[in-house]
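The structure appears below as structure tokens.
Every number here is computed from the coordinates shown, using simple stated rules; none is lab data. On a predicted model such as this, the values are computed, not experimentally measured, just so you know. Neighbour counts are summed over all protein chains in view; Cβ atoms, including those assigned to glycine, are modelled from backbone coordinates with ideal geometry.
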Amino acid sequence: MAIRPILRFPDPRLRLQAQPVAAFDGGLRDLARDLAETMRAAPGIGITAPHIGALERLVVIQLDADPAPRLYVNPQIVWASPETIRHVEGSVSMPGVTDEIERHARVRVRYRDLDGDEREEEAGGLMAVCHQHEIDQLDGIFWIDRLSSLKRDRLIRKFDKLQRQRA
């Protein structure tokens, strides 16, 4: 396992659409292990392969209650509730800043596991938020794109200031 460098906002690769995984092999398993290790080290509760520069549709999510990371290959939302919730979100690619985003309260996600077997999962609350956030990232939609332009600009200025202070 290896902790890989995480792309930082505004890296243009964070806006690229990830390609479907076609090979369910040792390379995918290695990428999944590295991604889980990188997420824990960040720290974060969710990460995609594009966060580390691999443009493949692979997501790792691990909430506090999960004993192990959950892996989703080629995930897609096949149903979303009309009800919405607001939740504070952030990104491992933009550490130190967060804001509240409105998302569907429940979703159903179809995906493949590391063996290539098709699965489906229904989720609510934080897990539903994570699915939507990470699948957006796979589609090249960075989480701040869900904010108004005023909030987005304010958040980017705050992030830039944090980056200058750390330098």
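The mean sequence separation of alpha-carbon pairs under 8 Å and at least six residues apart, normalised by the residue count of region 27-124, gives a relative contact order of 21 percent. Using the alpha carbons alone, the radius of gyration of region 94-167 stands to its Kirkwood radius in an Rg to Rh ratio of 1.09. Note on 60, 78, 109, 21: ascending count of other Cβ atoms within 10 Å places them as 78, 21, 109, 60, the fewest first. Only Cα pairs under 8 Å and 6+ residues apart enter the sum, and on that basis the relative contact order of the chain stands at 23 percent. By the count of neighbouring beta-carbon atoms within 10 Å, fewest first, 111, 72 end up ordered 111, 72. Over all projection directions, the Cα-based convex hull of the chain averages an area of 9.6 nm². If you sort the three axes of the alpha carbon gyration tensor as a ≥ b ≥ c, you get a/c of 1.5 or more for region 1-67 and a/b no higher than b/c, which makes it oblate. Applying a DSSP loop filter and a limit of 16 other Cβ atoms within 10 Å to the trypsin sites (Lys or Arg not before Pro) in region 1-98 leaves 8. Between region 73-127 and region 37-53, the C-alpha centres lie 15 angstrom from each other. Pairs of Cα atoms nearer than 8 Å and 6+ residues apart set the relative contact order; for region 75-167 it is 26 percent.
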